1. How many residues are crowded, with 22+ Cβ neighbours inside 10 Å and either among the small types (G, A, S) or more than 24 Å from the chain's Cα centre (by Cα) (or both) if we restrict to segment 286-314?
2. Criterion first (at pLDDT 95 or above, surrounded by 15 or more Cβ atoms within 10 Å (Cβ to Cβ), over 23 Å from the mean Cα position of the chain (by Cα) and within 22 Å of L324 (Cβ to Cβ)) does V203 satisfy it?
3. Does any residue of segment 173-188 turn out to be surrounded by 14 or more Cβ atoms within 10 Å (Cβ to Cβ) and either in a helix (DSSP H, G or I) or without any contact (Cβ under 8 Å) to a residue 60 or more places away in the chain (or both)?
4. Go through segment 252-285 residue by residue and tally those that are among the acidic types (D, E), surrounded by fewer than 20 Cβ atoms within 10 Å (Cβ to Cβ) and touching a residue at least 40 places away in the same chain (Cβ under 8 Å).
5. Answer yes or no: is there a residue in segment 42-55 that is in contact with a Leu (Cβ under 6 Å, 6 or more places away or on another chain), crowded, with 20+ Cβ neighbours inside 10 Å and assigned to a strand (DSSP E or B).
6. Considering segment 64-83 alone, what residues qualify as being of a type in the set (G, A, S) and over 21 Å from L99 (Cα atoms)?
7. Let me spell it out: the conditions are (1) more than 22 Å from W60 (Cα to Cα); (2) surrounded by 14 or more Cβ atoms within 10 Å (Cβ to Cβ); (3) in contact with a Phe, Trp or Tyr (Cβ under 9 Å, 6 or more places away or on another chain), and S247 meets all of them except one. Which number is the exception?
Amino acid sequence: MPFRLGGFLVTSLPPANTLRLQSYRTLEDLHSLLPAWERLLTEYPKATTFSTWEWLSSWWRSFGNAQQLLVLGGFKDSELIGLAPFSLARQNFSPGISLRILKLMGDGSGDSDNLDLPVKPGNEEIFARSVVDYLMSERRSWDVCQLNTLPPDSALASLLSEEAARRGCLTFEYRRTASAITLPATWEEYLAQLSSEDQKNLVRYDRRLAKRYRVRIYRCTEADDLPRVLEAMFKLHQARWEDEGESGSFKDPARRNFYYHLSRALLTRGRLELWVLELDDNVASAQYAFRHGDAVFQLQEGNDPARSSDRVGFILRGHVIRHLIGEGVRVYDFLGGAPGYKARWGAKETYYQNIHFARRFSVGGAVLWSTHSWSQLKHSLRRRLPVRAWSVLHQLNLAMRNQKSKRRPENL
């Protein structure tokens, strides 16, 4: 019904809290969103490197060839208020069952942690509802949604799970262990948190290196130095894993390509934390990290096995942490994995969230339910069985999987 507002006859008002979703299917289309994307990240308090163009575009160029891009941008008027960076990939669950998996862009290679859906504060509910509405309207294009390594304080994680359940989906939530150090304001405060032995060793091994070698510790800040430093880190990292009979991460050309793309992009933005320890002009240790705000994320490293007695990785990390504290960094994040040896540096256990959902009474729902049930059974058995019995079952399972993989080519 028409009414008067301020002396004007009004026939209708635009609906409040409306949201327009736009999809982006190519990296080129997504690049057009970059200025608005970067503004959104400055407004999202939980933003990290893993939600940036630098990370996701570099990852996609290296690993996205077998996937389809599906990024959803949420707009109020012309302002980007939320970003849902998804991708679609096929995954074989058993002979004859191949499902279309909806994932977060960046998931699948083992390189990305802390993936998220950034949203402008105050718009969490409408954005989550709009994303799930869109996914349900496109339900014929995906079977299972697996949102992995979401941060525990993600603004969208629980809302997406709730919305999916409200729309009749089968939903499961899991936790994955991670660890990080909360850094104090001064090196002296941090040093006091370490064991007395490690405090002494930081000084002792530092002095010993200086007596034995020409020592140089630096952060890589020049693009011309990247190839030499990265290749040295790849080589040192591979040497450690090959000594243990494993193939190592950097045997994969796609991963090396990813690190080259990412390093150049981060270096240009002043966000690369690639640190090097050289002995007599040879790289003996390299630690690869990157910075976002007052947090640094430690991703990879390589240490010369021949210099293990010199504790090169230990000494380099001490120098790096001391330097970062001086620059105002307050979090040194080790990313996924239990604290383990990192606890000696003050790392505390935290976690990521994995949220999986699928439509009930669908093939995807059945597979999701059976996967969850098997996971729960394994967890229960591992908790109740003696360690030796569990180890035997684990080895039998590995042997059966190896036999299946050996037979597979003959059955094609």
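The values are calculated or read from the model by the stated rules, or taken from the named source; none is laboratory data. Remember, it's a predicted structure, so these values are computed and weren't measured experimentally. Cβ coordinates were reconstructed from backbone atoms using ideal geometry, including for glycine residues, and neighbour counts include every protein chain displayed.
1. 4
2. Answer is no for this residue.
3. yes
4. Final tally of qualifying residues: 3.
5. Among the residues of segment 42-55, not one is in contact with a Leu (Cβ under 6 Å, 6 or more places away or on another chain), crowded, with 20+ Cβ neighbours inside 10 Å and assigned to a strand (DSSP E or B), which makes the answer no.
6. G73, G74, S78, G82
7. Single failed check for S247: (2).
Residue-wise test of (1) free of Cβ contacts under 8 Å to residues at least 40 places away in the same chain; (2) in the same structural domain as G313 (by TED's automatic domain parsing); (3) in contact with a Pro (Cβ under 9 Å, 6 or more places away or on another chain).
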residue: C145; (1), (2), (3): no, no, no
residue: A157; (1), (2), (3): no, no, yes
residue: S161; (1), (2), (3): no, no, no
residue: S195; (1), (2), (3): no, yes, no
residue: K200; (1), (2), (3): yes, yes, no
residue: I217; (1), (2), (3): no, yes, no
